[in-house]
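Please read the structure below before turning to the comments.
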Amino acid sequence: MDMGEIDYTKELKEILSIPDKSLSQEEFRGWIDKSETMICERFETHDRHSSIGAGFQLEQAVTPGIYTRELTMTAGSLVFSKIHMETHPFVILSGKVAVYDGGKIEILEAPYKGVTAAGTKRVLFVHEETKWVTFHPTSLTDLQEIDKSCVITCDTFDEFEASKNNRSIEK
């Protein structure tokens, strides 16, 4: 690394004691649950996600079959996402974040597009104010119903697994 470059992974590693190896799904789920609990016990958290950093802005829209969610996260925030129920695309319109999902810490910087797999939960350190937009398949049309349901996201891996098992039975 050039002496003039900033190590954007440093804060995330130091704050959360991220392991120096890729974790199995079971190891990561245990690690992220423990880390999120520790952060929530030590710091005041804000917004829909467990996050240190206030002032997030949320814009939502529903079109036939798609729920769109644009979250603007403030620089310096530490964010634990919810668990995503379905695979869906996302784009980063502006900003820069360090993201950890059990493998390695990745730096994502706008413009960026990616895909979130079902069952994904991430922790992010926001280096620059970031606009992150997600596009979720859904038949729901009411924003309040979407927000209260476990159709888009859920809080625990047990909820995710139960929902996944129920969907398998329904097919």
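The values are calculated or read from the model by the stated rules, or taken from the named source; none is laboratory data. Values in this document were obtained by computation on a predicted structure and should not be read as measured data. Positions of Cβ are backbone-derived with ideal geometry, glycine not excepted, and every protein chain shown enters the neighbour counts. Protein only, heavy atoms only, side chains kept; ligands, DNA and RNA dropped before computing areas. Shrake-Rupley method; radii C 1.70, N 1.55, O 1.52, S 1.80 Å.
Looking at the structure I just gave you, is residue 119 open to solvent by 10 Å² or more (accessible area, probe 1.4 Å) and either at pLDDT 90 or above or closer than 21 Å to residue 13 by Cβ (or both)? Judged against the criteria, residue 119 is a match. Could you check, for segment 126-133, whether at least one of its residues is touching a residue at least 12 places away in the same chain (Cβ under 8 Å) and more than 30 Å from residue 20 (Cα to Cα)? No, there is no match, as no residue in segment 126-133 is touching a residue at least 12 places away in the same chain (Cβ under 8 Å) and more than 30 Å from residue 20 (Cα to Cα).
With a requirement of 2 or more residues that are at pLDDT 90 or above and more than 15 Å from residue 124 (Cβ to Cβ), the strands (runs of 3 or more DSSP E) lying completely within segment 6-73 that satisfy it span 57-63, 66-73.
Go through segment 91-118 and give me each residue that's in contact (Cβ under 8 Å) with a residue 60 or more places away in the chain and touching a helix residue (DSSP H, G or I) at 6+ places or on another chain (Cβ under 9 Å). Once the filter is applied, which keeps residues that are in contact (Cβ under 8 Å) with a residue 60 or more places away in the chain and touching a helix residue (DSSP H, G or I) at 6+ places or on another chain (Cβ under 9 Å), segment 91-118 yields 98, 100, 101, 102, 103, 105.
State all residues of segment 126-144 that are open to solvent by less than 30 Å² (accessible area, probe 1.4 Å) and under 18 Å from residue 78 (Cβ atoms); if no residue qualifies, say none. Of everything in segment 126-144, those that are open to solvent by less than 30 Å² (accessible area, probe 1.4 Å) and under 18 Å from residue 78 (Cβ atoms) turn out to be 126, 130, 132. Taking segment 95-150 and the strands (runs of 3 or more DSSP E) fully enclosed by it, the elements with 2 or more residues that are acidic (Asp, Glu) are at 106-109, 123-137. The residues of segment 74-92 that are under 12 Å from residue 160 (Cβ atoms), outside any strand (DSSP E or B) and out of contact with any Asp or Glu (no Cβ under 8 Å at 6 or more places or on another chain), listed by number, are 85, 86.
When restricted to residues that are under 13 Å from the mean Cα position of the chain (by Cα) and open to solvent by less than 20 Å² (accessible area, probe 1.4 Å), segment 91-107 contains 6.
For segment 152-171, a residue qualifies if it is open to solvent by 60 Å² or more (accessible area, probe 1.4 Å), modelled with pLDDT of 85 or more and over 18 Å from residue 25 (Cα atoms), but none of them does.
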